[in-house]
1. Being assigned to a helix (DSSP H, G or I), surrounded by fewer than 17 Cβ atoms within 10 Å (Cβ to Cβ) and touching a residue at least 12 places away in the same chain (Cβ under 8 Å) is the filter here; which residues of the stretch 1-41 pass it?
2. Would you check if Arg113 is modelled with pLDDT under 85 and among the basic types (Lys, Arg)?
3. Checking Val79 against (1) in contact with a helix residue (DSSP H, G or I) (Cβ under 7 Å, 6 or more places away or on another chain); (2) modelled with pLDDT of 85 or more; (3) among the hydrophobic types (A, V, I, L, M, F, W, C): exactly one of these is not met. Which one?
4. For residues that are more than 15 Å from Leu98 (Cβ to Cβ) and not basic (Lys, Arg), tally how many sit in the stretch 5-37.
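The values are calculated or read from the model by the stated rules, or taken from the named source; none is laboratory data. Given the structure is predicted, the values throughout are model-derived calculations rather than measurements. Glycine gets a Cβ as well: all are built from the backbone with ideal geometry, and neighbour counts include every protein chain shown.
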Amino acid sequence: MRRRPGTLLPVEAAILDAALRMRQAGDVQFHGFGIAKMMVDGADAATLTAHGTLYKALGRLETAGLLESNWEDADEAVVQGRPRRRMYTVTGAAQLALAQHRQDSRRAAPLGRAAWETP
């Protein structure tokens, strides 16, 4: 089954939600491990494995224009004794896409009892 263009998978919505929370806390940029840690510490841990890998989702979000990325300054990585990291920032379109996803999810949610529940 193919998804409609412009829709988000649950893992993509969770990434955007975590990234926007990080931005509100003052972290304008994030890296893959940082966003994964934010998701695992919250309620979005299950989405990391249930719907594909984090880095594939980050790539899809960047292709969709919801994230931008660049490589971290090499000098900073050397000082900290680790490889360079890919740093991501949320675009203005990300907040709109996440709001649309939430609205679509609310509309799709069944009202009242689920069909499989017995009265």
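1. If we filter the stretch 1-41 for residues that are assigned to a helix (DSSP H, G or I), which is where we start, we get 10-24, 32-41.
Still in the running and surrounded by fewer than 17 Cβ atoms within 10 Å (Cβ to Cβ): 10, 20-21, 23-24, 33, 37, 40-41.
Pro10, Leu20, Arg21, Arg23, Phe33 - these are the residues of the stretch 1-41 that are assigned to a helix (DSSP H, G or I), surrounded by fewer than 17 Cβ atoms within 10 Å (Cβ to Cβ) and touching a residue at least 12 places away in the same chain (Cβ under 8 Å).
2. Details: modelled with pLDDT under 85: yes; among the basic types (Lys, Arg): yes.
It is true that Arg113 is modelled with pLDDT under 85 and among the basic types (Lys, Arg).
3. For Val79, the exception is condition (1).
4. Our first condition is that a residue be more than 15 Å from Leu98 (Cβ to Cβ); within the stretch 5-37, this holds for 5, 25-34, 36-37.
Then drop every residue that is not not basic (Lys, Arg), which leaves 5, 25-34, 36.
Of the residues in the stretch 5-37, 12 are more than 15 Å from Leu98 (Cβ to Cβ) and not basic (Lys, Arg).
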